[in-house]
Amino acid sequence: MKKIYIISIIGILLLSMNAIVTTSSFNNGILTDFDPLVDVSVTVEIKTIRFLDIDDLHTSIRASQDDNPNFYMKVFINDIEFTSTVWSNTKYVNDPQWSATLNVPDDQEFVTIKIQLWSEDVPYDISGDRNSYDVTLLYSIKTGHWTGDDSIGDASGYGRLCGCDDGTIYENDRDCELWFDITQTDYDGDCIPYWIEVNTLGTDPTVNDSALDPDNDTISTYWEYKWGYDPLKWDNHQELDPDNDSINNLEEFLTLEWFSDPFRCDLFLEMDYMDVSPDGEQSIVPEASREQLKNPFHRRNIVFHFDTGQLNGGELVPFDSLISIDEVIPLYNQYFLHNDSTTWRRGVFHYGIYVYSTKPNGYGFSGDVEPFMGYLPGTNSFIISSKQMEKNARLSSKPLEYFYAAATMHEMGHTMGIRNGHPPGCDVQLSKYPWQPGWWIYRTYKSIMNYHYTYRIFDYSDGSHGVRDFDDWSNLDLSHFEIPENYTR
């Protein structure tokens, strides 16, 4: 019996060694330490959690969406579970300050990571799989990249998960978006793993190389490596726009603090406001309006970013009780272009200026492409009257932030090519009420661009509502705000 016992123990040890061999890396028969400078730990950091509301005229089921979730995370690293604290009674967790870290074997390339989002022991959807609510990733300590249910070049973006990717845009499926990052211990802190620096790039793993540009293409080593480009090979990043969002790779690099992604559509808006009046009137767009604006775009993986003070946005223009059309161009030049017609921001940001009062109460324009007021290519800006938004709120049961958001989304539609009469139901004055002929003709055009629905539907139409409807989403022109190449003053 003792011999049988000893043989069994030896067999178990051999099986264990074989398991190690199959998951570890060898180089000329020698076990590889992927980073001999440090003891590798892998960290999953949660950056943002957002519940993706559905507009109430696109679905008859809202039930669970009227209440704010009590979100918490479960992250599994190599099957070790980490559970976050609870973020109570909120749809948007913009700064969770939570991460999970596990020390992993330095000689095993791949780390398995599973991510789940919960509220009250109910799973919330962050997956692109209709049959699953969670996400599984395979992280490489050799390359610092991950694959699986999220990877470079996928529709929702690298480091961003979207529950609508399974096609449930208008279903009550508890859809959410989750922003995250995965990092590992790195001696020089440049976020490029030791193995890649030594064996691929030939850089010094003890020196931070992230800001270098060895191929002189104006893009840093780290950005190029992160997004799958070769930092040692020159690329014409000013012409590359793989996601066709009219923001080239150089511009994506310049907006990296907003987590823009060269392979997923990004939309940028600078917001400037009128200063407080002598009587205390303000024209500041509430944060709740910006959060609401994100939802219809984010459900379709067009990520909406705002500059309300991060760079040049959030500036206060002098108070004026009534801004005329003639006064808008100087404001545009001073507060958006900063008197520099060559600024790179002109090709990245749309521009919204919120004033106390103007006539009309809101309209699209461009300060550098004729005609000044209209919707020809190059229309990148709009103006909105806060006095009118406050009036709308007083006459309605809806909050002020709803009207700011709805007016902004409508005017943004003009900067993306949806304009008066194109499609036919857009901006028709005689379509607001049932006693007007346009109401009967265009009532199937269920879009925020139809004056009848501007403050009733918080969405563009998807063209599914019958005769004379129009598919706004499929026809958005993300390059419409750019100055036409053939434009000359």
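The values are calculated or read from the model by the stated rules, or taken from the named source; none is laboratory data. Keep in mind that what you see is a predicted model, and the values were worked out from it rather than measured. Glycine gets a Cβ as well: all are built from the backbone with ideal geometry, and neighbour counts include every protein chain shown.
One residue stands out in the range 306-329 among those that are within 32 Å of the chain's Cα centre (by Cα) and part of a helix (DSSP H, G or I): the one that is nearest to Asp340 (Cα to Cα), namely Ile329. Within the set Thr206, Thr200, the sole residue that is among the polar types (S, T, N, Q) and closer than 21 Å to Trp146 by Cα turns out to be Thr200. Quick check: anything in the range 316-327 in the same structural domain as Met274 (by TED's automatic domain parsing), surrounded by 16 or more Cβ atoms within 10 Å (Cβ to Cβ) and within 18 Å of Met412 (Cα to Cα)? No, because not a single residue in the range 316-327 is in the same structural domain as Met274 (by TED's automatic domain parsing), surrounded by 16 or more Cβ atoms within 10 Å (Cβ to Cβ) and within 18 Å of Met412 (Cα to Cα). Per the conditions (1) of a type outside the set (D, E, K, R); (2) surrounded by fewer than 19 Cβ atoms within 10 Å (Cβ to Cβ); (3) in contact with a strand residue (DSSP E or B) (Cβ under 9 Å, 6 or more places away or on another chain), the sole criterion not satisfied by His305 is (2). Of the strands (runs of 3 or more DSSP E) lying entirely inside the range 87-138, the ones with 2 or more residues being at pLDDT 95 or above, touching a Phe, Trp or Tyr at 6+ places or on another chain (Cβ under 9 Å) and β-branched (Val, Ile, Thr) are found at 110-119.
Inspect the range 150-157 for any residue being touching a Cys at 6+ places or on another chain (Cβ under 6 Å) and assigned to a loop (DSSP other than H, G, I, E, B) and give the result as yes or no.
Going through the range 150-157, the residues touching a Cys at 6+ places or on another chain (Cβ under 6 Å) turn out to be 156.
Checking which are assigned to a loop (DSSP other than H, G, I, E, B) leaves us with 156.
Scanning the range 150-157 turns up at least one residue that is touching a Cys at 6+ places or on another chain (Cβ under 6 Å) and assigned to a loop (DSSP other than H, G, I, E, B).
All of (1) within 27 Å of Phe458 (Cα to Cα); (2) in contact (Cβ under 8 Å) with a residue 40 or more places away in the chain; (3) out of contact with any Asp or Glu (no Cβ under 8 Å at 6 or more places or on another chain) hold for Thr143 with one exception: (1). Remark: Phe263 falls outside the filter, which requires a residue to be part of a strand (DSSP E or B) and in the same structural domain as Ala407 (by TED's automatic domain parsing). For Asn216, the test of being in contact (Cβ under 8 Å) with a residue 12 or more places away in the chain, loosely packed, with under 15 Cβ neighbours inside 10 Å and part of a loop (DSSP other than H, G, I, E, B) is passed. For the range 183-204, a tally of residues being under 12 Å from Lys226 (Cα atoms) and of a type outside the set (D, E, K, R) returns 5. The C-beta contact set for the range 164-178 (first residue in contact (Cβ under 8 Å) with a residue 40 or more places away in the chain, second residue assigned to a helix (DSSP H, G or I) and among the small types (Gly, Ala, Ser), distance under 8 angstrom, 6+ apart or interchain) comprises Asn172/Ala63; Asn172/Ser64; Asp173/Gly163; Arg174/Ser64; Arg174/Gly163; Asp175/Gly163; Cys176/Gly163; Glu177/Gly163.
Of all residues being in a strand (DSSP E or B) and in contact with a helix residue (DSSP H, G or I) (Cβ under 7 Å, 6 or more places away or on another chain) in the range 356-375, which is surrounded by the fewest Cβ atoms within 10 Å (Cβ to Cβ)? Just the residue, please. Step through it out loud before you land on a result.
At the first step, the residues of the range 356-375 found to be in a strand (DSSP E or B) are 358, 362-365, 373.
From the residues that got through so far, the ones that are in contact with a helix residue (DSSP H, G or I) (Cβ under 7 Å, 6 or more places away or on another chain) too are 362, 364-365, 373.
Values: Gly362: 20, Gly364: 25, Phe365: 24, Met373: 14.
In this case the residue turns out to be Met373.
Does Gly364 satisfy the criteria of being under 18 Å from Cys426 (Cα atoms) and among the small types (Gly, Ala, Ser)? Answer is yes for this residue.
Could you say which residue among Gln334, Gln282 is more than 23 Å from Ser260 (Cα to Cα) and assigned to a helix (DSSP H, G or I)? Walk me through it before giving the result.
Working: Gln282 fails: assigned to a helix (DSSP H, G or I).
It is Gln334.
Going through the range 417-464 one residue at a time, which ones are of a type in the set (A, V, I, L, M) and either surrounded by fewer than 23 Cβ atoms within 10 Å (Cβ to Cβ) or outside the structural domain of Met389 (by TED's automatic domain parsing) (or both)?
Answer for the range 417-464, where residues must be of a type in the set (A, V, I, L, M) and either surrounded by fewer than 23 Cβ atoms within 10 Å (Cβ to Cβ) or outside the structural domain of Met389 (by TED's automatic domain parsing) (or both): Val428, Leu430, Ile441, Ile457.
So is Thr343 closer than 16 Å to Ile384 by Cβ and surrounded by fewer than 19 Cβ atoms within 10 Å (Cβ to Cβ) or not?
Working: closer than 16 Å to Ile384 by Cβ: no; surrounded by fewer than 19 Cβ atoms within 10 Å (Cβ to Cβ): yes.
No, not satisfied.
Of all residues in the range 66-83, those being closer than 18 Å to Val135 by Cβ, not in a loop (DSSP other than H, G, I, E, B) and not hydroxyl-bearing (Ser, Thr, Tyr) number 9.
So which of Thr168, Thr147, Thr143 ends up being among the polar types (S, T, N, Q), part of a strand (DSSP E or B) and either touching a Phe, Trp or Tyr at 6+ places or on another chain (Cβ under 6 Å) or surrounded by fewer than 22 Cβ atoms within 10 Å (Cβ to Cβ) (or both)? Exactly one residue qualifies, and that residue is Thr147.
Got a sec? Which of Asp230, Asp235, Asp181 is surrounded by fewer than 18 Cβ atoms within 10 Å (Cβ to Cβ) and either touching a residue at least 40 places away in the same chain (Cβ under 8 Å) or closer than 28 Å to His298 by Cα (or both)?
Working: Asp230 fails: either touching a residue at least 40 places away in the same chain (Cβ under 8 Å) or closer than 28 Å to His298 by Cα (or both); Asp235 fails: either touching a residue at least 40 places away in the same chain (Cβ under 8 Å) or closer than 28 Å to His298 by Cα (or both).
Being surrounded by fewer than 18 Cβ atoms within 10 Å (Cβ to Cβ) and either touching a residue at least 40 places away in the same chain (Cβ under 8 Å) or closer than 28 Å to His298 by Cα (or both) holds for just one of Asp230, Asp235, Asp181, which is Asp181.
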